[in-house]
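The values are calculated or read from the model by the stated rules, or taken from the named source; none is laboratory data. The structure displayed is predicted, hence computed values, not measured ones. Quick reminder, even Gly has a Cβ in these numbers, built from the backbone with ideal geometry, and neighbours come from all protein chains shown. Each accessible area value is taken on the protein alone, full model and side chains, heavy atoms only, with ligands, DNA and RNA left out. Shrake-Rupley method; radii C 1.70, N 1.55, O 1.52, S 1.80 Å.
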Amino acid sequence: MKILLVDDEQELVSTLAERLEMRGFDAHWFTNGNAALQYAQKEKCDLAVLDVKMPKIGGLELQRQLAEMQPRMKFIFLTGHGSEEDYLAGTRKGHSYLIKPVDIGQLLAKINEFLR
Amino acid sequence: MKKEHDIFGNTGLQFFGKISASLSHELKNALAVINENAGLLTDLVHMSEKGHPLDPARIKGVGSKVMEKVKHADSILKNMNAFAHSVDIPAAKTDIPETLALLLALTRRITSNRGIRVYLDKPASPLCVHTSAYGLLHLCWDCIESFMDWVGEEKEIGLIPEKTEQGSRIRFCKLDQMPSDPEILREQKELLGALHAEIVAETDKKEVILMLPLRLS
């Protein structure tokens with residue numbers, strides 16, 4: 001399973017990717033939306049884990065553009081706030097949210113939901 | 001009482017909320033990085049239990065990252081504490097460059113999210129006025145926030161505090177896209193009044209100057 005991880009906090013996203021790779025996933029990380037979009041133009045991905053608040057292209061806008069490119073891609077959002085507004089905006093569209101700091105167990109459970 | 005209301009009134013609370021929300025987001029990110037690195041250490045130990053050799057340099061590297069992030073989170077908390085205490089006294093001796101340095105640290109995430117670098121030309125010696133530290137932070141942030149629309153290609157705003165005969169001034173520079181007839185802080189007349197401050201646009205120099213009296217009286 002190929003997973004795209006995008007968060008402007010490099011140490012967070014790179015470590016999370018490494019931990020997913022240890023568990024057998026093909027994880028690719030980026031610190032901005034543009035780099036992730038460039039990658040997704042060339043490579044098919046199964047799932048994207050996106051930070052909601054990022055400079056330039058935020059997670060929700062990035063999701064819209066990635067979904068246009070790859071309609072079968074699934075999405076999990078990471079949020080530092082867990083504000084109700086963001087949560088509702090996401091769940092209405094059928095996406096999953098995780099609140100930072102991320103519990104790897106919860107992330108794996110969400111990934112497994114998509115795998116099923 | 002009126003003066004305090006002007007400084008700490010509705011927009012004052014909004015400013016407090018905005019800064020607190022941004023800092024809490026920064027702290028969340030720091031905690032998230034610490035959490036991932038702690039998780040990585042656990043993962044590495046689990047792998048070693050399954051026969052993968054444990055690389056001491058790798059463990060050391062992860063430990064250093066955690067310590068760096070703790071240091072970073074501690075500096076955020078120190079700034080947050082200084083910000084919270086800025087409301088303690090309505091008016092006191094306030095070092096302008098120090099106050100501006102605090103403001104830039106508090107708002108760095110907000111400005112860098114807009115792709116803008118705000119820098120301070122710190123004078124060699126302290127530059128003090130008798131004013132409300134919180135009011136000054138709020139007013140200077142309102143300036144920076146509205147001037148972010150006027151930055152040039154370098155995407156920078158320079159802050160230059162200087163001494164004047166009447167007190168001090170802060171020059172907001174490099175506002176290359178400033179309109180020829182700018183409206184500045186139209187909604188902050190009360191705050192300007194409460195601090196006895198004046199604001200002037202120098203359109204030819206692409207600067208805005210905030211003038212502060214030596215003391216509030």
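For the stretch B:105-146, a residue qualifies if it is more than 24 Å from residue B:178 (Cβ to Cβ) and within 11 Å of the chain's Cα centre (by Cα), and the qualifying residues are B:105, B:106, B:109.
Only a single criterion out of (1) open to solvent by 70 Å² or more (accessible area, probe 1.4 Å); (2) in a helix (DSSP H, G or I) is not satisfied by residue B:53, namely (2). Is it fair to say residue B:207 is more than 24 Å from residue B:83 (Cβ to Cβ), open to solvent by 40 Å² or more (accessible area, probe 1.4 Å) and either of a type outside the set (Gly, Ala, Ser) or modelled with pLDDT under 95 (or both)? For residue B:207, the condition - more than 24 Å from residue B:83 (Cβ to Cβ), open to solvent by 40 Å² or more (accessible area, probe 1.4 Å) and either of a type outside the set (Gly, Ala, Ser) or modelled with pLDDT under 95 (or both) - is not met. Residue A:108 meets all of the listed conditions (1) at pLDDT below 85; (2) open to solvent by 30 Å² or more (accessible area, probe 1.4 Å); (3) under 13 Å from the mean Cα position of the chain (by Cα) but one, namely (1).
Would you check if there is a residue in the stretch B:64-81 being in contact with a Ser or Thr (Cβ under 6 Å, 6 or more places away or on another chain), open to solvent by less than 40 Å² (accessible area, probe 1.4 Å) and small (Gly, Ala, Ser)? No - not one qualifying residue is present in the stretch B:64-81. Just to be sure before I move on: is residue B:12 at pLDDT 90 or above, part of a helix (DSSP H, G or I) and either closer than 30 Å to residue B:135 by Cβ or open to solvent by less than 50 Å² (accessible area, probe 1.4 Å) (or both) in the structure I sent? So residue B:12 does not fit the description; no.
The combined condition, being away from every other protein chain (no Cβ under 14 Å), surrounded by fewer than 19 Cβ atoms within 10 Å (Cβ to Cβ) and either under 16 Å from residue A:110 (Cα atoms) or at pLDDT below 95 (or both), is not fulfilled by residue A:37.
Could you go through the stretch B:19-33 and let me know if any residue there is more than 21 Å from the chain's Cα centre (by Cα) and without any contact (Cβ under 8 Å) to a residue 40 or more places away in the chain. The answer is yes; a qualifying residue exists.
Quick one: would you say residue A:66 is buried (at least 18 other Cβ atoms within 10 Å of the Cβ) and either on the phi > 0 side of the Ramachandran plot or at pLDDT 95 or above (or both)? Can you show your working first?
Values: buried (at least 18 other Cβ atoms within 10 Å of the Cβ): yes; either on the phi > 0 side of the Ramachandran plot or at pLDDT 95 or above (or both): yes.
Taking the combined requirement at face value, the residue satisfies it.
Restricting the search to the stretch A:55-72, which residues are among the hydrophobic types (A, V, I, L, M, F, W, C) and either over 22 Å from residue A:100 (Cβ atoms) or within 14 Å of chain B (Cβ to nearest Cβ) (or both)? Steps first, answer last, please.
So the first thing to find is which residues in the stretch A:55-72 are among the hydrophobic types (A, V, I, L, M, F, W, C), and the list is A:57, A:60, A:62, A:66-67, A:69.
Scanning the stretch A:55-72 gives A:57, A:67, A:69.
Which condition number does residue A:17 fail, the rest of (1) in contact with a strand residue (DSSP E or B) (Cβ under 6 Å, 6 or more places away or on another chain); (2) away from chain B (no Cβ under 14 Å); (3) modelled with pLDDT of 95 or more being met? Only one criterion is unmet by residue A:17, namely (2).
Hey, among the residues in the stretch B:82-129 that are charged (D, E, K, R) and away from chain A (no Cβ under 14 Å), which one's farthest from residue B:172 (Cα to Cα)? Within the stretch B:82-129, the match that is farthest from residue B:172 (Cα to Cα) is B:88.
Counting only strands (runs of 3 or more DSSP E) that sit completely within the stretch B:84-182, those holding 2 or more residues that are hydrophobic (A, V, I, L, M, F, W, C) and open to solvent by 10 Å² or more (accessible area, probe 1.4 Å) correspond to B:117-120. Within the stretch B:183-195, the set of residues being without any contact (Cβ under 8 Å) to a residue 60 or more places away in the chain and either of a type in the set (S, T, N, Q) or part of a loop (DSSP other than H, G, I, E, B) (or both) comprises B:183, B:184, B:185.
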